[in-house]
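Each remark here refers to the structure printed beneath this line.
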Amino acid sequence: MDPVTRKDTWISQSRKNRIAKWGLRVASFLVFLAVWQWYGAKPEMFAVAPPSQVFPAFYEAMLSGELPKAAAGTLYTMAVGYLLAVVVGIVVGFGIAVSVWARNTIEPIVNAAYSAPMALLIPILGVYIGLEFQGRLFLVMVWAVFVIIVNTAAGVRETPPSLMEMAQSFGLNPWSIYRKVIFPSALPYILVGLRLGAGRALRGAVTAEILMSTTNLGKFLIDAGSTFNMPKLLAGIMLVILLGLVIIQGAEYLEQRILSWRRV
């Protein structure tokens with residue numbers, strides 16, 4: 001088989017794989033909607049409104065501007081808190097990986113905090129920071145920062161010693177070693193942490209708006225739930241899920257583009 005024919009065969013197979021993948025996804029989604037409609041249409045299942053009621057409620061809330069305005073406020077809190085988590089997480093992660101002092105003092109705290117429910121901090125934040133924007137911002141940051149720290153530290157530690165030795169043999173100074181050897185080697189781990197942290201930041205923002213000060217999407221969900229407006233409540237939940245899906249898929253796409261040089 002000549003190279004041109006082999007390339008055409010590979011492209012054709014790749015296209016078929018993509019079609020099969022998206023066909024399976026669409027079919028699974030349609031089955032999910034059918035089961036949801038069947039289950040939600042039962043009279044005794046009033047708490048699970050069917051799609052025939054949820055989608056019109058979603059459209060109405062979007063058209064009135066209520067849902068986009070609430071989502072914009074939530075995304076702003078999430079974005080600012082996430083950026084703070086990225087800066088703190090990468091710096092602390094590098095520090096834990098390269099410093100014996102940080103490894104023995106900060107890392108145990110990070111591991112303990114990573115496994116603890118972040119909602120437990122809300123009473124403390126309410127006393128010292130407040131329950132408004134500053135408190136919500138801090139909760140988003142701590143919700144996302146620990147997974148970034150853990151992944152960054154793991155990536156730096158996994159830098160092959162052979163690369164370090166080669167860099168030193170070429171006379172690179174410590175700053176050049178960090179910039180040209182350690183950081184590129186740890187980048188896949190860091191990007192995974194950033195992707196996971198983005199999802200956790202959205203969860204933290206919505207949780208903060210529900211449990212701290214009811215505003216934005218948190219207020220939308222609480223208002224709908226308190227009036228037993230189940231189609232509206234599920235419409236808000238559906239938007240949160242869609243936002244999470246877009247954020248994670250976008251982060252995964254950027255991760256693949258940034259790391260494309262590793263597959264060359």
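The values are calculated or read from the model by the stated rules, or taken from the named source; none is laboratory data. Here the structure is a predicted model, which is why all the values come from computation and not from measurement. In this analysis, Cβ positions are derived from the backbone assuming ideal geometry, glycine residues included, and neighbour counts consider all displayed protein chains.
May I ask you to list the residues in the stretch 103-138 that are within 17 Å of the chain's Cα centre (by Cα) and of a type in the set (Phe, Trp, Tyr)? Scanning the stretch 103-138 gives Tyr114, Phe138. Checking each residue in the stretch 100-117 for being without any contact (Cβ under 8 Å) to a residue 24 or more places away in the chain and either part of a helix (DSSP H, G or I) or within 12 Å of Val150 (Cβ to Cβ) (or both) picks out Val100, Trp101, Ala102, Arg103, Asn104, Thr105, Ile106, Pro108, Ile109, Ala112, Ser115. Remark: Leu259 matches the filter, which requires a residue to be surrounded by fewer than 20 Cβ atoms within 10 Å (Cβ to Cβ), touching a residue at least 60 places away in the same chain (Cβ under 8 Å) and assigned by TED's automatic domain parsing to the domain that holds Met62. In the stretch 177-190 there is no residue that is closer than 26 Å to Gln249 by Cβ and touching a Lys or Arg at 6+ places or on another chain (Cβ under 7 Å). Of the residues screened, Thr152 is one that is surrounded by 20 or more Cβ atoms within 10 Å (Cβ to Cβ) and polar (S, T, N, Q). Determine which member of the set Val31, Val35 is hydrophobic (A, V, I, L, M, F, W, C) and within 27 Å of the chain's Cα centre (by Cα). The conditions single out Val31.
Please verify whether the stretch 217-240 includes one or more residues that are under 21 Å from Ala49 (Cβ atoms), among the acidic types (Asp, Glu) and in contact with a helix residue (DSSP H, G or I) (Cβ under 9 Å, 6 or more places away or on another chain).
Yes: the stretch 217-240 contains one or more residues that are under 21 Å from Ala49 (Cβ atoms), among the acidic types (Asp, Glu) and in contact with a helix residue (DSSP H, G or I) (Cβ under 9 Å, 6 or more places away or on another chain).
Of the residues Leu84, Leu125, which single one is under 16 Å from Ile210 (Cβ atoms) and either in a helix (DSSP H, G or I) or in contact with a helix residue (DSSP H, G or I) (Cβ under 9 Å, 6 or more places away or on another chain) (or both)? If you could, list the steps in order and put the result at the bottom.
Details: Leu84 fails: under 16 Å from Ile210 (Cβ atoms).
Going through Leu84, Leu125 in turn, the sole match is Leu125.
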